[in-house]
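**Student:** The structure follows.
The values are calculated or read from the model by the stated rules, or taken from the named source; none is laboratory data. Bear in mind the structure is a predicted one, so any value in this text is a computation, not a measurement. Cβ: placed from backbone, ideal geometry, glycine included. Neighbour counts: every protein chain shown.
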Amino acid sequence: MRVGVLLAAAACAAGLAGTARAADGSASSVSSNWAGYAVTGTNAAGAPTTFSVVSASWVQPAARCTVGSPRWSSFWVGLGGFGEGSQALEQVGTDADCTSTGRPVYAVWYELVPDDAVHVRLKVDAGDHLNAVVVVHGSQVIVRLRNLTRNTVFTRTVTARALDLSSAEWIAEAPATCGGAGCEVLPLANFGTVSFSGAAAVGDGKAAPLASWTATPIELLAGDQLSPASSFSGALPSAVGADGGSFTISYSNELPAPSP
């Protein structure tokens, strides 16, 4: 279940949220389950931008698995879920997970929080070139994912019970499971590096690449502690490329422990 992401960045599912400074001096957010970029904006009157489209391409990363260590990772584009107190998120993406036997598993899914994720019967494998888009018209949400390598496509139109259009995101995630006791972030799979390109959004009717909006880089510091004792796993986004819409997110198992 790809739930709990709406608590990331500002509120953060595992309580590790905070602010820092990125390498370029911009504000950065630390999350227990998101890595990548979120964008917001304001119009000429100072009102928050309403986003209606988000899109990007990426290459499906390969999960690096070991026997006896099940782990999970997701890669997606979405609208909403970044602001503190957000109760909705519209997203489509892929998984790169590891079973307890050390086998990598890849899958396609979409989710309209607060509803559960829906897995899609569209084959995806490591190295496949993908393109994804989320479009909102009124209460209708169109999710589409193309596997450019296999020349296949999934498209679905869903009526949303709730919408959040205050942000757009391009994310690598440590997914979470949720139950009556709350949400628990799952151990992050070693996915190496995922490369996003053509990251763009439409806000208030204006189409523009990621870098044209107010962009917040998000660093993922997972809750699972590794050895040595001061080392944690997580993921870090690179700076956005000169084209304004390309960047990478890299897994790391050598991140320092968070400050008290």
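**Student:** Which of (1) in contact (Cβ under 8 Å) with a residue 12 or more places away in the chain; (2) surrounded by fewer than 20 Cβ atoms within 10 Å (Cβ to Cβ) is the odd one out, the single condition G138 does not satisfy?
**Tutor:** With (1) in contact (Cβ under 8 Å) with a residue 12 or more places away in the chain; (2) surrounded by fewer than 20 Cβ atoms within 10 Å (Cβ to Cβ) applied to G138, the lone miss is (1).
**Student:** Looking at the range 42-57, can you tell me whether even one residue there is polar (S, T, N, Q), modelled with pLDDT of 95 or more and surrounded by fewer than 17 Cβ atoms within 10 Å (Cβ to Cβ)?
**Tutor:** Within the range 42-57, one or more residues are polar (S, T, N, Q), modelled with pLDDT of 95 or more and surrounded by fewer than 17 Cβ atoms within 10 Å (Cβ to Cβ).
**Student:** Looking only at residues in the range 248-260 that are at pLDDT 80 or above and either in contact with a Ser or Thr (Cβ under 6 Å, 6 or more places away or on another chain) or of a type outside the set (S, T, Y) (or both), which one is nearest to G198 (Cα to Cα)? Walk me through how you get there before you give the answer.
**Tutor:** The initial filter retains those residues of the range 248-260 that are at pLDDT 80 or above, namely 248-254.
Then keep just the ones that are either in contact with a Ser or Thr (Cβ under 6 Å, 6 or more places away or on another chain) or of a type outside the set (S, T, Y) (or both); that gives 248-250, 253-254.
Values: T248: 12, I249: 15, S250: 18, N253: 28, E254: 29 Å.
Looking at residues that are at pLDDT 80 or above and either in contact with a Ser or Thr (Cβ under 6 Å, 6 or more places away or on another chain) or of a type outside the set (S, T, Y) (or both), I get T248.
**Student:** Sticking with this one: In the range 82-135, which residues are among the small types (G, A, S), farther than 23 Å from V53 by Cβ and part of a loop (DSSP other than H, G, I, E, B)?
**Tutor:** Kept after step one, since they are among the small types (G, A, S), are these residues of the range 82-135: 83, 85-86, 88, 93, 96, 100, 102, 107, 117, 126-127, 132.
Those left that are additionally farther than 23 Å from V53 by Cβ: 85, 96, 100, 102, 107, 126-127.
Correct list: G85, S100, G102, A126, G127.
**Student:** Among the residues of the range 164-179, are any free of Cβ contacts under 8 Å to residues at least 60 places away in the same chain and of a type outside the set (S, T, Y)?
**Tutor:** Among the residues of the range 164-179, at least one is free of Cβ contacts under 8 Å to residues at least 60 places away in the same chain and of a type outside the set (S, T, Y), which makes the answer yes.
**Student:** Also, quick follow-up: Limited to the range 24-41, what total is found for residues that are surrounded by fewer than 20 Cβ atoms within 10 Å (Cβ to Cβ), touching a Ser or Thr at 6+ places or on another chain (Cβ under 9 Å) and either part of a strand (DSSP E or B) or modelled with pLDDT under 50 (or both)?
**Tutor:** So the answer is 3.
**Student:** Checking the conditions here, which among P187, P175 is at pLDDT below 95, closer than 14 Å to V113 by Cα, touching a strand residue (DSSP E or B) at 6+ places or on another chain (Cβ under 8 Å) and not β-branched (V, I, T)?
**Tutor:** Values: P187 fails: closer than 14 Å to V113 by Cα.
Unique residue meeting the criteria: P175.
**Student:** I'd like the residue in the range 218-247 that is among the hydroxyl-bearing types (S, T, Y) and surrounded by fewer than 22 Cβ atoms within 10 Å (Cβ to Cβ) and, out of all such residues, is modelled with the lowest pLDDT.
**Tutor:** S227
**Student:** Among the candidates V67, V108, single out the residue that is over 24 Å from L236 (Cβ atoms) and surrounded by fewer than 21 Cβ atoms within 10 Å (Cβ to Cβ).
**Tutor:** The match here is V67.
**Student:** Select from the range 104-144 the residues that are farther than 23 Å from A200 by Cβ and either in contact with a helix residue (DSSP H, G or I) (Cβ under 6 Å, 6 or more places away or on another chain) or of a type in the set (G, A, S) (or both) and list them in ascending order.
**Tutor:** If the condition is that a residue be farther than 23 Å from A200 by Cβ and either in contact with a helix residue (DSSP H, G or I) (Cβ under 6 Å, 6 or more places away or on another chain) or of a type in the set (G, A, S) (or both), then A107, A117, A126, G127, S139 are the ones that fit.
**Student:** Taking the range 197-217 as the search range and keeping residues that are of a type in the set (G, A, S) and within 13 Å of S166 (Cβ to Cβ), which one is surrounded by the most Cβ atoms within 10 Å (Cβ to Cβ)?
**Tutor:** Across the range 197-217, the extreme among qualifying residues is A201.
**Student:** For N151, all conditions in the list (1) at negative phi; (2) without any contact (Cβ under 8 Å) to a residue 40 or more places away in the chain hold save one; what is the number of the exception?
**Tutor:** Every condition holds for N151 apart from (1).
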